[in-house]
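Report on the structure given below.
The values are calculated or read from the model by the stated rules, or taken from the named source; none is laboratory data. The shown structure was predicted, so the numbers you read here are calculated from the model rather than taken from an experiment. FYI the Cβ positions are ideal-geometry reconstructions off the backbone, even for glycines, and counts take in every protein chain you see. These accessible areas exclude ligands, DNA and RNA; they are computed on the full protein's heavy atoms, side chains included. Shrake-Rupley method; radii C 1.70, N 1.55, O 1.52, S 1.80 Å.
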Amino acid sequence: MDEKMFSRETEILNKGAYLKGRADSPEAAPLYLTTAFNVEDLDDLEDMYSVQGYTYIRTRNPNRNALAELVTYLEKGENSLIFSCGMAAISTALLSILEQGDHVLSDKTLYGETIDLLEGLSKFGISVTFIDFTNLEEVHNSIQPNTKVLYTETISNPMITIVDIEALAAIAHENKAKLVVDNTFTTSLVIRPIEKGADITINSLTKFANGHSDVSVGSITASEEIIKKAYSLQVLLGTTANPFDAWMCQRGMRTMDLRVQKQMDNAAKLAKALEKHPNVLKVHHPSLDGHPQNELAQKIFENGYGGMLSFEMPNNREKINEFMRRLKIAHYAMTLGGYRTTISHPVSSSHYAVPEEERLKMGITFGLLRVSVGIESPDDLIADFSQALDVFNEEISYIK
Ligand SMILES: *Cc1c(COP(=O)(O)O)cnc(C)c1O
C-alpha cells in the first residue's frame, strides 16, 4: 500500500492493514487470523501456487502449518494435517483411504463416537467388524480378503486396556491393510505408533496435547502419500481447524511433556492409593501389577503409563452422587486430558447406549468411574478421593 491518502471511508479500511518495521521474527508465533492473502500480480500468484503458499484459509494457513510441523516432529511421521477436532481427523482420514466394498477390522472398545462413525460407514458400502484386539489370534482370524484398515486406540476407554501396536501392524501389512491408531490417551511422550509400524496416527489434540480444555483440534500424521490424499478430501469437506484454535493448541503443546509427565506420575500414585482404599473394589491402570497388560505396557510405553485410570465403587447411585458432591478437587466434566483432574461416569456418558449385558461383559459396572488425572499435588488428590470414598463405609461392610 502506498501512502497516498484517499477519503476517510476508504482509508478506514486500509490504514494499518500491513505490518511495518522488522516484524518477521517475534519471540512467539503470530496469529494469522485472515481468510486470504494478497498477491502483487499473476506472476506472484503463480509463485504462490508453486511453493504451496498461502491463498485461502481452508486450503492453507500459517498457524495450521506451524502446528502440523510440531505434530509431525513429535509423532515421527513424514507430514501431518490439522483438523477442527479429533472426529474431523478420524472421519477425513478413513474416508480418504476407504472405498465402497472395503472392510474395516476394529477394536471393540473405542471412543463412543468413533464406533458410531465406523458403524455409519455401512451407508457407503463399507463393512466393519468389532473384535477384541488384545486377542491377536482373533485379529488374525477376523481378517477378510477386503480388509483395508485395522483401527485401534493405544489405551482403551474406560477399561484402560492396551494393544500390541507392533503385532497389529505386522498383521495389517501381511494382509495389505493399513493400521490406523488413535494416540489421544497416551500422547507421543509415551508411544509413537508410526515407530511401531502404524500407517496413520490420529490425535484428538483437544485432550492431553492442548491440555487446557479450551479449544478443539485434531491431527493425522502419516506418509506424504497418505497425507496428500487426505489433504485433498480435507479441503473439500472443510474439516480444517481455524487459525486461532491451531495457535492456541501450539501454545498448549509447548508444555505438553511437562504436564503429561506429571499427570502420569500422579495417575500412578493415585492408582496405587485407590487400590489400597478399603472402599474401592478394583482399579484399572497399566502401572499396577495386576493390570492384564502390565508387561506389554512396560515393553512399549516410555516415561509412564498414561494419565487415565478407572476404578470401581459399589453400584449405589445415591452413594455415587454423594461421593461426587464430596469431591473438592476432581470435578465431573465431559472431556479429559486437561491440567485439572476430571471424572466421568461411563455408564451415564460414553457407554450410555450400550445394553447392560454387553457393557457388563466389558467390565463396565454402574460403579465404574473414569479419572483423567491433572497436575495438582498428588497428596491433595489422594486425600480428596479418600475422604469422598468414605461415603461407602457402611456399604462396604454390608458387601463384605
Ligand atoms: C475425544 C476423543 C476423540 C474425539 O476428539 P474431538 O476432538 O472431541 O473430536 C477421539 N478419540 C479419543 C480417544 C478421544 O478421547
If you scan the range 332-343, which residues turn out to be in contact with a helix residue (DSSP H, G or I) (Cβ under 9 Å, 6 or more places away or on another chain) and under 16 Å from residue 377 (Cβ atoms)? 339, 341
Name, by its number, the condition in (1) open to solvent by 10 Å² or more (accessible area, probe 1.4 Å); (2) in contact (Cβ under 8 Å) with a residue 60 or more places away in the chain; (3) over 20 Å from residue 390 (Cβ atoms) that does not hold for residue 299. (2)
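Residue by residue, here is whether (1) among the acidic types (Asp, Glu); (2) modelled with pLDDT of 95 or more; (3) more than 25 Å from residue 218 (Cα to Cα); (4) outside the structural domain of residue 132 (by TED's automatic domain parsing) holds:
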residue: 328; (1), (2), (3), (4): no, yes, yes, yes
residue: 343; (1), (2), (3), (4): no, yes, no, yes
residue: 351; (1), (2), (3), (4): no, no, no, yes
residue: 356; (1), (2), (3), (4): yes, no, yes, yes
residue: 360; (1), (2), (3), (4): no, no, yes, yes
residue: 363; (1), (2), (3), (4): no, no, yes, yes
residue: 373; (1), (2), (3), (4): no, yes, no, yes
residue: 379; (1), (2), (3), (4): yes, yes, yes, yes
residue: 385; (1), (2), (3), (4): no, yes, yes, yes
When both residues are 6+ apart or on different chains and their Cβ atoms are under 7 Å apart, which pairs have a first residue that lies in the range 205-231 and is under 25 Å from residue 98 (Cβ atoms) and acidic (Asp, Glu), and a second that is more than 14 Å from the ligand (Cβ to nearest atom) and modelled with pLDDT of 95 or more? 224/78; 224/79
Please work out if residue 372 is among the polar types (S, T, N, Q) and free of Cβ contacts under 8 Å to residues at least 12 places away in the same chain. no
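Residues of the range 211-229 being crowded, with 24+ Cβ neighbours inside 10 Å and either of a type outside the set (Val, Ile, Thr) or touching a Lys or Arg at 6+ places or on another chain (Cβ under 6 Å) (or both), which ones?
211, 218, 219, 222
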Out of (1) aliphatic (A, V, I, L, M); (2) touching a helix residue (DSSP H, G or I) at 6+ places or on another chain (Cβ under 7 Å); (3) open to solvent by 10 Å² or more (accessible area, probe 1.4 Å); (4) not in a loop (DSSP other than H, G, I, E, B), what's the single condition that is false for residue 329? (4)
Being touching a residue at least 24 places away in the same chain (Cβ under 8 Å) and open to solvent by 10 Å² or more (accessible area, probe 1.4 Å) is true for just one of 321, 316, 294, 279. Which residue is that? 316
Mind checking whether some residue in the range 106-116 is among the charged types (D, E, K, R), at pLDDT below 95, open to solvent by 10 Å² or more (accessible area, probe 1.4 Å) and more than 16 Å from residue 181 (Cβ to Cβ)? yes
Which strands (runs of 3 or more DSSP E) sit wholly inside the range 145-262 and have at least 2 residues that are hydroxyl-bearing (Ser, Thr, Tyr)? 147-153, 200-204, 218-222
Quickly run through the range 89-105 and pick out the residues that are in contact with a Leu (Cβ under 8 Å, 6 or more places away or on another chain) and open to solvent by 30 Å² or more (accessible area, probe 1.4 Å). 95
Do we find a residue being modelled with pLDDT of 95 or more, open to solvent by less than 10 Å² (accessible area, probe 1.4 Å) and either more than 30 Å from residue 33 (Cβ to Cβ) or out of contact with any helix residue (DSSP H, G or I) (no Cβ under 6 Å at 6 or more places or on another chain) (or both) anywhere in the range 137-144? yes
Determine if the range 64-75 includes at least one residue that is closer than 30 Å to residue 130 by Cβ, of a type in the set (D, E, K, R) and open to solvent by 100 Å² or more (accessible area, probe 1.4 Å). no
Every residue from the range 45-91 that is within 16 Å of the ligand (Cβ to nearest atom) and of a type in the set (D, E, K, R): 64, 75
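For the range 243-254, does any single residue satisfy the condition of being touching a strand residue (DSSP E or B) at 6+ places or on another chain (Cβ under 7 Å), within 16 Å of residue 96 (Cβ to Cβ) and surrounded by 24 or more Cβ atoms within 10 Å (Cβ to Cβ)?
Applying the first criterion (touching a strand residue (DSSP E or B) at 6+ places or on another chain (Cβ under 7 Å)) to the range 243-254 yields 246.
The next check asks that each one be within 16 Å of residue 96 (Cβ to Cβ); those that pass are none.
Checking the range 243-254: not a single residue is touching a strand residue (DSSP E or B) at 6+ places or on another chain (Cβ under 7 Å), within 16 Å of residue 96 (Cβ to Cβ) and surrounded by 24 or more Cβ atoms within 10 Å (Cβ to Cβ).
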Mind checking which residues of the range 364-389 are in contact with a strand residue (DSSP E or B) (Cβ under 8 Å, 6 or more places away or on another chain) and open to solvent by 10 Å² or more (accessible area, probe 1.4 Å)? 365, 370
